[in-house]
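Let me begin by presenting the structure, written as structure tokens, before commenting on it.
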Amino acid sequence: MNVAVPTPEISTPRPFDVDAVRADFPILSRQVHGKPLVYLDSAASAQKPQAVIDVIRYQYEQEYANVHRGAYWLSETLTGKYEAARETVCRFINARSDREVVFTKGATEAINLVASTFGNSLGEGDEIVITGLEHHSNIVPWQLLRDRTGAVIKVVPVTPEGDVPLDAIKAALSGRTKLVAVAHVSNVLGTVLPVKDIVAAAHDAGAKVLLDGCQAVVHQSVDVQDIDCDFYAFSGHKLYGPNGIGVLYGKEVLLDAMPPYQGGGEMISSVTFERSEWAELPAKFEAGTPPIVPAVALGAAIDYVSAFDTQARVAHEHDVLRYAMDKLSAIDGITLIGTTPNKTSAISFMLEGAHPHDLATILDRSGICVRAGHHCAQPLMDAFGVTATVRASIGMYTKHEEFDVLADALERARELLI
């Protein structure tokens, strides 16, 4: 398969109106504990628009079959939709062709795929550079690779404001650096890393670059050709799509050279008891029955998001973020963790005298959903000298008024807990 992805017809973007957007998400109209739902945990998993829910239901009710293998209408129809979803992803991130888009079960699997295949090229003393704000999914796979190859992991520290300076990353690079693996946007702090400059510096040092894009593709346009990264991983469930689906983008020349990640059906062109031949990209990395309906639904989620003017959507989210930062910082006893202006979507904070888990439980009684814990970033918590934070995160449907509700609930919680 080598499909040149056609450029879609230009259509007028849908005007961005947050109230109209919220009407597309059925769950946002419900109540929790008798209070209107205030969902501020989109960084963990975003809610789903009706358009995505309808696609999932329709595919299982009306057009479900296995893909690629069936010579009958149901299979051929769903195969077409499955591959059309791949083309949608390809356009969304501006990959060169759909051969560079591999469907996985999530971003974690996408990163592990690279660690288990491209990672075979690393040897003892070769270096992997990561940063101090990485999610565990962009730490542990490299530790496993280190343990089996003798490679060395170098960690670039985070500043007290939550930044990772480009100069610090450049200083960590050497002639032994083979891979730089960094988050595009921090899931804890919302820090936006200068990924295009990081990629250029890494390439100058002879290294390849993997970007964890889970938090970035939701809140900004991503052009993998412009960034020039070698690998880019993201998940569907944070992008208003279903869970169980993720994407690995990889430059075709690298994917071609990498061995398969798993063996089984679909990823082969021929099998004998003596040897097997691998299928062409991207099938080589999609062993077994793929996440069919989740992939189609991810395509629907991307279509939904892409229907809006991107600048208007991003501007709304940024405006809500600035409002929220000002609102929370004005509360006595609140400490914001990660105050760099180079951020988006997520706010981590502490309330003096209150454990984050206790605080999140109290907020839940007001219908407010926030995340409490180490957010799968324990080394980052250690760097800030805390064990956990409360995180409030923003989606395209988040309103300013929801942070008014949060601020009022925090004031009441402060009186209860302090």
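Remarks
- Members of the range 248-266 that are in contact with a Gly (Cβ under 9 Å, 6 or more places away or on another chain) and either at pLDDT 95 or above or surrounded by fewer than 16 Cβ atoms within 10 Å (Cβ to Cβ) (or both): Tyr249, Met258, Gln262, Gly264, Gly265
- Screening Asn243 with (1) within 17 Å of the chain's Cα centre (by Cα); (2) assigned to a strand (DSSP E or B); (3) surrounded by fewer than 20 Cβ atoms within 10 Å (Cβ to Cβ) gives one miss only, at (2).
- Conditions (1) modelled with pLDDT of 95 or more; (2) touching a strand residue (DSSP E or B) at 6+ places or on another chain (Cβ under 9 Å): number failed by Ser345: (1)
- Residue under evaluation Ala301, criteria (1) within 14 Å of Thr104 (Cα to Cα); (2) of a type in the set (Gly, Ala, Ser); (3) not in a loop (DSSP other than H, G, I, E, B), criterion not met: (1)
- Some residue of the range 322-329 being out of contact with any Pro (no Cβ under 8 Å at 6 or more places or on another chain) and buried (at least 22 other Cβ atoms within 10 Å of the Cβ): yes
- Residue in the range 56-66 that is of a type in the set (D, E, K, R) and touching a residue at least 24 places away in the same chain (Cβ under 8 Å) present: no
- Leading residue by the ranking (farthest from Val218 (Cα to Cα)) among those in the range 329-387 that are of a type in the set (D, E, K, R) and under 21 Å from the mean Cα position of the chain (by Cα): Arg371
- Residue check for Ala216: under 30 Å from Val390 (Cα atoms), touching an Asp or Glu at 6+ places or on another chain (Cβ under 8 Å) and not in a helix (DSSP H, G or I): no
- Pairs where the first residue, in the range 106-128, is farther than 15 Å from Val140 by Cα and the second is among the small types (Gly, Ala, Ser), C-beta under 6 Å, 6+ apart: Gly106/Ser235; Gly106/Gly246; Leu122/Ala151; Glu124/Gly150; Asp126/Ala151
- Any pair with Cβ under 7 angstrom, 6 or more apart, that starts in the range 363-374 at a residue that is assigned by TED's automatic domain parsing to the domain that holds Leu40 and ends at one that is surrounded by fewer than 17 Cβ atoms within 10 Å (Cβ to Cβ) and assigned to a helix (DSSP H, G or I): Ala372/His357
The values are calculated or read from the model by the stated rules, or taken from the named source; none is laboratory data. Owing to the predicted nature of the structure, the values given are computational and were not obtained by experimental measurement. Reconstructed Cβ throughout: ideal geometry from the backbone, glycine too, with neighbour counts over all protein chains shown.
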